[in-house]
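Following: one structure in structure tokens, then a few remarks.
The values are calculated or read from the model by the stated rules, or taken from the named source; none is laboratory data. What you see is a predicted model, and the numbers here were worked out from it, not measured in a lab. Counting neighbours? That spans all protein chains shown, and the Cβs are built from the backbone with ideal geometry, glycine included.
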Amino acid sequence: MVEKNALGQIRKEMEACIGKRIQLKTNKGRKKTLVKEGILESTYPSIFTVRFENDFKNVRKVSYSYTDVLTNTVEIKVCGSNKMIV
């Protein structure tokens, strides 16, 4: 069972970064990784949403769970600092 304290800590760190630009590195399986920059838009009890824009000003929202961060499926780095979230 996943510790609730660890997920709560991740959520608190994410809440402190709402509105900031973050860099996500996602593990897509079979040695495929995707690195994108977006803005952390909001946090919810079990997920958080990130807004991505491309060169054509198309906006896309993607949601991730805190367990993705805990299991290192998603790595998050706050842009402009060297701070990694868990």
Query - Matching residues in segment 7-17 - criterion: being more than 14 Å from residue 68 (Cα to Cα) and exposed (fewer than 14 other Cβ atoms within 10 Å of the Cβ) - result: 12, 15, 16
Query raised in the report: Which one of these is more than 14 Å from residue 72 (Cα to Cα) and in contact with a Lys or Arg (Cβ under 6 Å, 6 or more places away or on another chain): 47, 39, 18?
Result: 39
Query raised in the report: In this structure, does residue 47 turn out to be at pLDDT 90 or above, surrounded by 11 or more Cβ atoms within 10 Å (Cβ to Cβ) and under 10 Å from the mean Cα position of the chain (by Cα)?
Result: yes
Query raised in the report: Is it the case that segment 23-42 has a residue that's small (Gly, Ala, Ser), touching a Phe, Trp or Tyr at 6+ places or on another chain (Cβ under 8 Å), surrounded by 16 or more Cβ atoms within 10 Å (Cβ to Cβ) and at pLDDT 90 or above?
Result: yes
Report task. Can you give me the ranges of the strands (runs of 3 or more DSSP E) entirely in segment 17-86 with at least 2 residues that are touching a helix residue (DSSP H, G or I) at 6+ places or on another chain (Cβ under 7 Å) and closer than 21 Å to residue 7 by Cα? Result -> 32-43, 74-78
Report task. Return yes when residue 63 is small (Gly, Ala, Ser), under 10 Å from the mean Cα position of the chain (by Cα) and surrounded by fewer than 16 Cβ atoms within 10 Å (Cβ to Cβ) and no when it is not. Result -> yes
Query raised in the report: Any idea which of (1) modelled with pLDDT under 90; (2) in contact with a Phe, Trp or Tyr (Cβ under 9 Å, 6 or more places away or on another chain) is the one residue 60 doesn't satisfy?
Result: (1)
